Each structure stands twice: as C-alpha cells, then as structure tokens.
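Down below is the structure, laid out as structure tokens.
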Amino acid sequence: MTEKTPVLSVRNLVVEIPTRHGILRPVDNVSYDIHAGEILGVVGESGAGKSMTGNAVVGLLDRPARITSGEILLSGQHIHTLKGEALRRLRGKMMGMIFQDPLTSLNPLLTVGDQLTETIQEHLKVGQTEARNRAIAALEEVGIPAARSRIDSYPHEFSGGMRQRVVIALALCAEPDLVIADEPTTALDVSVQAQIVALLKRLCREKGVAVMLVTHDMGVIAEAADRVAVMYAGRLAELGPVREVLTAAHHPYTAGLMASTPLASQGKERLRQIPGAMPRLGNLPDGCAFHPRCDYAQDRCRANPGPTLDTCDGRAACWFPLNTKQKDEVSA
Amino acid sequence: MSAIIKIESLTRVFDVSKPWLNRVIERLPKALLTAVSEVSFEIEENSVYALVGESGSGKSTIGKIVVGLVPPSKGKVEVEGVDLATETDASKIEAVRADIQMIFQDPYASLNPRWRVREIINEPVAAKGGDTTGLAERLLEQVGLSAKDAAKYPHEFSGGQRQRICIARALASGPKIIVCDEPTSALDVSVQAQVLNLMSDLRKDLGLTYLFISHDLTVVHHMADKIGVLYLGRLVEEAPRDRLFDAPKHPYTQMLFDAAPRMDAFGREVEPPKGEIPDAINPPTGCAFHPRCPIAVERCSKERPEMRRIGETRVACHLAE
Ligand SMILES: Nc1ncnc2c1ncn2[C@@H]1O[C@H](COP(=O)(O)OP(=O)(O)OP(=O)(O)O)[C@@H](O)[C@H]1O
Ligand SMILES: Nc1ncnc2c1ncn2[C@@H]1O[C@H](COP(=O)(O)OP(=O)(O)OP(=O)(O)O)[C@@H](O)[C@H]1O
Ligand code: SF4
Ligand code: SF4
Ligand SMILES: [Mg+2]
Ligand SMILES: [Mg+2]
C-alpha cells in the first residue's frame, strides 16, 4: 500500500525569538504529520510551545518570533517560504483557524453573514446570492438554530458557545483542508464543550479535514484525537496513537502528567505529583530538558545532545522509555 | 460533627437595568437578575463542601456572600453560630470574619505586583495591627516555598507558586474556613496536583473547612465530601460525594456527568446535551431546566419542584426517585 501524502507535514521546525539574554527556542526541532480526516491532539503545560507551533504553521507568528529552520508542507507543497499576499491567500483557502477567544476571530462591526460571505467570495468563485446561501448552510452545519434569521446578527448578539460555532463556520466555509483549533473549548461550559467537540469530530470525519487540536484537557484529547503529541519546553516529548500514549506512556513526563490527573488517582487521598516546574526557555538544562524532574534520570540524560524522537524509538524522546516490551520482559 | 456554616434560603438579586434615562426613552422595564435563589445548605466542620455548576449558575456569588464581599438580598448566613445579618455585637462579627478567608481563581490578578511577597502575606494581619514577625517566612515554608522567597516579587514565581502565595496569605490570620473559588482552574494539571495536595494537607494539619467552588467534576470528585449542584442560581441536587457520582438523581446532574470529557473514554461518541443555559434575567417557568430536560413532563413547566430528601440526597425534581 502506498502512503497517502499527509495534509500537513511539519519537518524539523525551529522557531526562535532573539532576546537581550540570547536566543530562545519556543519550538525546537518539531516534526509531525496530519492526514486527511485525522485529529492530532497537542498537549503540554502552559508555555510548552503549543500555540507557537500552530501559529508557525499558519504563518501567524508574532514578531520577533520567526521560523529559522525546518519545513512545512501542505499537501506536499512547501509553504514556509511563502510570504505576504501569497501566504494570506493560501491560508484563507486551505487553512482554517479557531482560537480560544471567539472574539479575536470575529469583527464586532460586521454581521456574521457579512463576514461569512466575504470569506466565501474571497476564496471560492461564487456570486453574492450563492455565497449567502452557502453562509446559511455553514451556520446550519455548525448547529446554529434558525440560521436564516440569525445570519444578519452581530457577534455580540450570540452567546459564547454560539460565537464559537460561528468561528467554526467561518473557519470551514472556504472548505479548507487543514483546521488549527487552539484551545477551542477552554472558555466554554462542559455541555457546550461537548457540543463543539462532537461538531469538530463530525466535520473531520465527513469532510476529511485534517485537524490540529491544541488543548490542555486530557479528557477532550482522549475523546476526540486519533493521535496525540506531547510537548515539553518547546520539544516533542512523545507522539503516538492516543490510547497507547495515554494508557501506556513511554515518556516519563507523559506518565507523570497522566498520573497527576485526579481521575487517575481516584480514591487516593493524595494525587501523584511531578516535582518542580517546567524550566524557563532561557534556562533549559543540558541533555533531556525533563531530567531535573525525572525519577528515571541517569548520567546519560544530563549530557548533550539530548534525546529526540528520531534518535530514540520514534515514539518518545527518552533514552529510557517506560512501558516498552523489553522492559516488561525484564521486570516479569 | 456539627455544622460550622449554615446557609438558609440565600437569595441575591442584581439590578442589571440600563440607565434610568435609557429605560424611560426606550420604555424598558427594570431588569433584575436573580444570581442566587433560595439556596440552603450546611457545611460540617473540617469537611470539604463543593459547589459545581456551569458558568453563571451563582457559585462565585455564594462564595462572595459567605466571606462578606457581597451582601445577600434575602436569607441567612450563620458562621460558628453567629448570624452575620442580625448579630449586633460587632466584635463577634469581626472574630467570625477573621475565621473566613478566600482564594481566587487567578493567582496573577490577585497579587499586587509592586509588593514584596512578605508584605502581601502579612497584609491581612498587619491591617489589624497584629504581630507579623516571621509570619510570612513561616507560612511560606508551610505551603512548600522557602523563607527566602519573602523578599521576592510576585513576577518571579510560576503560576503554581503564586497560588501557594495566595494560600499563604489566606492562612495568615489563622482562619478556620477557606472559600476557594476555582483555585486550580488557571493551572496546568501537574501544578494543579501540587496545589490540591497542599490543600488536603492543610485541611488535615490545621483542621480547615473548605467551601470549594469548581466546574471541574474530576477535581470535585477528588476533593469534596459533599457536593451541591447549582443550575441558574438554584441548588438542584446535593449529596455526599460517592452518592452523587454513583447515583445522580437530577437530570441536570446526569447531563453534566455525561457531557464531561473522560480520560478513559477513547473515541467516545456521545449525543451532546441539547440547548444552552437560558437567560438568567427571564428564567423559564416552573423547573428552570425543563426546556433542556429529556424527561420533562407538562407539570415541569408550570410548577417549580421543591427540594426533597431521598435517602442521603436532596433533590429538586418532580420525577426524581
Ligand atoms: N515575545 C516573546 N519573548 C520571549 N518569549 C516568548 C515570547 N513570546 C512567547 N514566548 C515564549 O514562548 C513559549 C511558547 O509559548 P506558547 O504560547 O506557544 O505556549 P503554549 O504551549 O501555547 O502555552 P499555553 O498553554 O499557555 O497557551 C513560552 O514559554 C513563552 O513564554
Ligand atoms: N455584580 C454583578 N452585577 C450583575 N450581575 C452579576 C454580578 N455578579 C454576578 N452577576 C450575575 O449573576 C449570575 C451568577 O454569577 P456568578 O459569578 O456567581 O456565577 P458562577 O457560577 O461563579 O459562574 P462562573 O463559572 O462563570 O464563574 C451571572 O448571571 C452573573 O452574570
Ligand atoms: S531521557 Fe532520561 S531524564 Fe529524560 S525523560 Fe528519559 S529517563 Fe527521564
Ligand atoms: S422537574 Fe421536570 S424538567 Fe425539572 S429536572 Fe425534573 S423532570 Fe426535568
Ligand atoms: Mg497557547
Ligand atoms: Mg465564578
């Protein structure tokens, strides 16, 4: 069987920020693919580089952060070299974005309908009436009741959950191949969150969209993602099928993260905790960035170069991965 | 065991009308929002009572009423036997107030960036003219930081460390009760575990009682002894932790449990709940949950269900059994 070309392919991506105290690397040598109809979950602590990675892909890095090496391919085409108008057009046509705060994606002065038809007409060759019909269809698709009568409302006339639906409609109306959703449900109530997650899954399945879903909620990841990428201090710590990574983590950081969730410690008086905190970018330890907090650290972990997915087993950036077959045999 | 806090028919109404002139010109009626409506519950000494519910259900308002930041419109808050609304002895009220402290969700916003940690922690005691020698240093060690940190500024700490500083400040006056409003919602899971463990330790070591406000059911399951579920300002169900999680009786509680994402539910396909929380200014008649309730009957839209006791559970639903 021939491998299909992934919708998104990120190869050895490095993002750097020059500062007075030297160069920071919020994204350090990150590689992953997302295929059509697949949801890749991205998790990690605050500051791990999740948003930076997503923003680099869609070409929306805020200065002074910039891509200094690596490649980004969209359906096999290099896009990290595109600039200005060419990038903007491609972004609107092939990529949709959903951010945590729906208001950042919506113009408060324009009706929802105007924003949708404008986006549709910019990227698809359709007339005014057809664009409006498509806009109504897009709103219906994301579950806005009475879309035909709500289309001329302004964003502030919708509730938070409804606004996030409008953003999803906006992200999807130009029929993109890739959707980057950065904490799309974090500000929403559980009942609305469940509605939005179900919607994303359905659209991904029915339209074959590739989705990068950034969230810190392990529950959302478990229910929605096919594969999951765990980031730590700008690097990929682990990448693999969601069930395997969450139930049999190879990287000690992933294992610690899972163990520290209240669900995993059900019935116990104290939660498992990872000692310490993620290091600041300007102050990363040598070798494996996790070693000062790792129960399994050995001398090799403190030496450069540190482990990467490529130099380890492809699943976890760790010299001494957990839950691997050999290890189980040894302990058995 | 006895109740350290007794709350009876607590109600808080906010006037959210437009300015008077606009109302006259646009012929609008006064808009009143009932944030908390006839809520009654008791908290046992040295226990953790959790309030859960979605955004706008009135959790924070109840917390603020209990610590005295917001006055109630009706109802009664009794702490250690002192009725805060009717007690005339000011010294008694002051003593009770010193026994209750609050921790907020955002450890960034709640620390003054220009103050040193020592001043921040000592402030509640210093304001009352108390002795603060070595107080901040001792409390910092108690919450797992170091005495040296007293000389630093808040920006030198991570989110989890700042929440520890907030906890240290709350402990300064030697309180018996701490109202925690989403104390770990702004923190990463691994940091959340550290803070929750600290709170459990302090409860044991100092005999603290917590009113614990959260929308995260897994956190509540871990921390709480008893849980009250709020919907649109009303308590709809209350039960001991295991009772509630094993056998939720109110359809809203059941909906919350079903909708919450589960870490062990890979690729789970759920029929997501229908509809949204209604407008609190014009709540639905009868049972406020009836437009979204999958088992609602005609009676539900006409008659408001009273709180009933079924075994260890209290529930406000016509059909619960
Ligand atoms: N202008 C800047 N100067 C220095 N560091 C920066 C700058 N902008 C971002 N960073 C750092 O880049 C890192 C990556 O940030 P990013 O927003 O990608 O994290 P994240 O994983 O999305 O976190 P969160 O969960 O909080 O959203 C962080 O450590 C942040 O402090
Ligand atoms: N000072 C105020 N003036 C007017 N309305 C208010 C005020 N404080 C709260 N409310 C309203 O009262 C209701 C209850 O608010 P509250 O903050 O108690 O909810 P909550 O359960 O804490 O929600 P969240 O989970 O979003 O924090 C909301 O509808 C809110 O808009
Ligand atoms: S490489 Fe070493 S320090 Fe890093 S996670 Fe693996 S065992 Fe721990
Ligand atoms: S009273 Fe009626 S509408 Fe309300 S929760 Fe019970 S069954 Fe549903
Ligand atoms: Mg982010
Ligand atoms: Mg609140």
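Computed quantities for the displayed model
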item: Crossing angle, helix A:112-123 versus chain A [Cα axis fit, 0-90 degrees, rounded to tens]; result: 80 degrees
item: Low-density loop positions, GluC sites (Glu not before Pro), the range B:61-156 - DSSP coil, at most 16 other Cβ in 10 Å; result: B:Glu87
item: Top of B:Leu69, B:Leu256, B:Leu84 by mean-square fluctuation, Gaussian network on chain B, Cα under 10 Å; result: B:Leu69
item: Order of B:Thr209, B:Thr285, B:Thr133 - criterion: other Cβ atoms within 10 Å of each residue's Cβ, fewest first; result: B:Thr133, B:Thr285, B:Thr209
item: Over 23 Å (Cα to Cα) - which of B:Lys64/B:Lys128; A:Lys50/B:Lys152; A:Lys93/A:Lys201; B:Lys64/B:Lys92 fall in this group; result: A:Lys50/B:Lys152
item: Gain upon complete extension [B:Ile310, B:Ser2; 0.36 nm per residue less C-alpha separation]; result: 108.7 nm
item: Phi to ³J(HN,Hα) by Karplus 6.51 cos²θ - 1.76 cosθ + 1.60 over the range B:262-272, Hz, x for Gly, Pro; result: 10, 5, 10, 10, 4, x, 4, 9, 10, 6, x
item: Extended-chain gain in nm, criterion 0.36 nm per residue less alpha-carbon gap, B:Glu26 and B:Glu321; result: 101.5 nm
item: Per-residue ³J(HN,Hα) for the range B:285-301, Karplus 6.51 cos²θ - 1.76 cosθ + 1.60, θ = phi - 60°, Hz, x for Gly and Pro; result: 6, x, 7, 4, 8, 4, x, 10, 7, x, 10, 4, 10, 4, 3, 5, 7
item: Test item: A:268-278 mean partner chain Cβ contacts at 10 Å; result: 6
item: P(r), alpha carbons of chain B - 10 Å bins starting at zero, rounded %; result: 5, 24, 31, 24, 13, 3, 0
item: Principal axes of the range A:207-301: Cα extent on each, largest first, Å; result: 47, 35, 21
item: Average Cα contact separation per residue, the range B:123-278, under 8 Å, 6 or more apart, as relative contact order %; result: 14 percent
item: Tilt relative to chain A, helix A:128-141 - C-alpha long axis, 0 to 90 degrees, to 10; result: 50 degrees
item: Partner aspartates and glutamates for B:Lys30 [C-alpha distance under 18 Å; skip if fewer than 8 residues away on the same chain]; result: B:Asp15, B:Asp279
item: For chain A, share of DSSP beta bridges that run antiparallel, in % to the nearest 5; result: 60 percent
item: Efficiency of FRET from Cβ geometry, A:Asp313 and A:His78, R₀ 22 Å, rounded to 0.05; result: 0.15
item: Residues A:Tyr253, A:Tyr154, sorted so that the one with the fewest Cβ neighbours within 10 Å comes first; result: A:Tyr154, A:Tyr253
item: q = 0.16, 0.18, 0.20, 0.24 Å⁻¹: log10 I(q)/I(0) that the Debye formula gives for the range B:126-233, counting C-alpha atoms only; result: -0.77, -0.95, -1.13, -1.47
item: Rounded to 10°, Cα long-axis angle of helix A:190-207 versus longest principal axis of chain A; result: 80 degrees
item: Cα→Cβ-extended label distance, 7 Å offset, between A:Gln128 and A:Leu110, nm; result: 1.6 nm
item: Among A:Pro176, A:Pro108, A:Pro184, residue whose mean-square fluctuation peaks in a GNM of chain A (springs only between Cα atoms under 10 Å); result: A:Pro108
item: Chain B: relative contact order in percent, alpha carbon pairs under 8 Å with at least 6 residues between; result: 19 percent
item: Estimated FRET transfer efficiency (A:Arg205, B:Ser301; beta-carbon r; R0 45 Å; 0.05); result: 0.75
item: Where the Cα pairs of the protein assembly as shown fall when distances are cut into 10 Å bins, in %; result: 3, 14, 23, 25, 20, 12, 3, 0, 0
item: Estimated [θ] at 222 nm from DSSP helical runs (n ≥ 4, -39500 (n - 2.57)) normalised by residues in chain A, nearest 500; result: -9500 deg cm²/dmol
item: Two-decimal log10 I(q)/I(0) for the range B:1-145, as the Debye equation yields it once each C-alpha is a single scatterer, q = 0.19, 0.20 Å⁻¹; result: -1.24, -1.28
item: Choice from A:His78, A:His21, A:His216 with maximal GNM fluctuation in chain A (Cα, 10 Å cutoff); result: A:His21
item: Pairwise label distance in nanometres, A:Ala86 with B:Glu94, each label 7 Å out on the Cα-Cβ vector; result: 7.5 nm
item: Neighbourhood charge, 14 Å Cβ-Cβ cut-off, centred on B:Leu33 and excluding it, Lys, Arg +1 and Asp, Glu -1; result: +2
item: Compactness of the range B:82-154 as Cα Rg over 2.2 N^0.38 Å, two decimals; result: 1.33
item: Paramagnetic reach from B:Glu123 in the range B:194-224 [backbone N under 20 Å; point 7 Å along Cα→Cβ]; result: none
item: Leading residue at positive end of dipole, the protein assembly as shown (Cβ point charges), from A:Ala303, A:Ser153, A:Ala225; result: A:Ser153
item: Environment charge of B:Cys166, counting only residues whose C-beta is closer than 13 Å and scoring Lys/Arg +1, Asp/Glu -1; result: -1
item: The range B:107-173: relative contact order in percent, alpha carbon pairs under 8 Å with at least 6 residues between; result: 46 percent
item: Helical mean residue ellipticity (222 nm; -39500 (n - 2.57) per DSSP H run of 4+; nearest 500) of chain B; result: -9000 deg cm²/dmol
item: Residue-by-residue Karplus 3J(HN,Hα) for the range A:312-323, coefficients 6.51, -1.76, 1.60, Hz, glycine and proline x; result: 9, 8, x, 9, 10, 8, 8, 6, 10, x, 8, 6
item: Antiparallel DSSP beta bridges within the protein assembly as shown, as percent of all bridges there, nearest 5; result: 60 percent
item: Nitroxide proxy distance, nm - points 7 Å out along Cα→Cβ at B:Asp106 and A:Glu140; result: 4.1 nm
item: Among beta bridges that DSSP assigns inside the range B:117-260, antiparallel share in %, nearest 5; result: 55 percent
item: Estimated FRET transfer efficiency when R0 is 30 angstrom, pair B:Glu45-B:Arg138 (beta carbons, to 0.05); result: 0.75
item: Sorted by Cβ density within 10 Å, fewest first, the residues B:Trp115, A:Trp319; result: B:Trp115, A:Trp319
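Values in this text are rule-based calculations from the coordinates and carry no lab data. Nothing here was measured: the structure is a model prediction, and the numbers come from that model. Virtual Cβ from ideal backbone geometry, glycine too; neighbours counted across all protein chains shown.
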